[in-house]
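**Student:** Supplied in C-alpha cells, the structure appears directly below.
The values are calculated or read from the model by the stated rules, or taken from the named source; none is laboratory data. Computed from a predicted structure; not experimentally measured. Reconstructed Cβ throughout: ideal geometry from the backbone, glycine too, with neighbour counts over all protein chains shown.
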Amino acid sequence: MNDNVKHPSHYTYGKIECIDFIQDKQLNFCLGNAVKYIVRAGHKKSEGMSAEEKRREDLRKAIQYIEFELREG
C-alpha cells in the first residue's frame, strides 16, 4: 500500500528504500538530495508535465544539489 508520507511509491520501488541508502551511507543534505532526485527520476508523476519532462526536471534538480556540494567542498 502506498503511503505518500512514510513510504511514497516513487522512493520505495526496488529492494531498498531511498532513505535507507542515504542514511546507511551517511550522506549529507546536498548529496542525499541528489540521490533522492536521481532515484525518483521517471517514477514520480506531476500534474501538467509529461513523464519525460518530470524525469528531466528531477535530473536537473540532482545536478543542482551536486553543484551545491561542489561549492561547499
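**Student:** What number of residues in the range 22-52 are of a type in the set (A, V, I, L, M) and assigned to a loop (DSSP other than H, G, I, E, B)?
**Tutor:** 3
**Student:** Quick check on the range 16-25. Is at least one of its residues under 26 Å from LEU70 (Cα atoms), at pLDDT 95 or above, in contact with a helix residue (DSSP H, G or I) (Cβ under 9 Å, 6 or more places away or on another chain) and not charged (D, E, K, R)?
**Tutor:** Yes, the range 16-25 contains a residue that is under 26 Å from LEU70 (Cα atoms), at pLDDT 95 or above, in contact with a helix residue (DSSP H, G or I) (Cβ under 9 Å, 6 or more places away or on another chain) and not charged (D, E, K, R).
**Student:** What pairs come out if I take residues in the range 48-68 that are surrounded by 12 or more Cβ atoms within 10 Å (Cβ to Cβ) and pair them with residues that are at pLDDT below 95 and polar (S, T, N, Q) whose C-beta lies under 9 Å away, six or more apart or interchain?
**Tutor:** LYS54/SER46; GLU57/SER46
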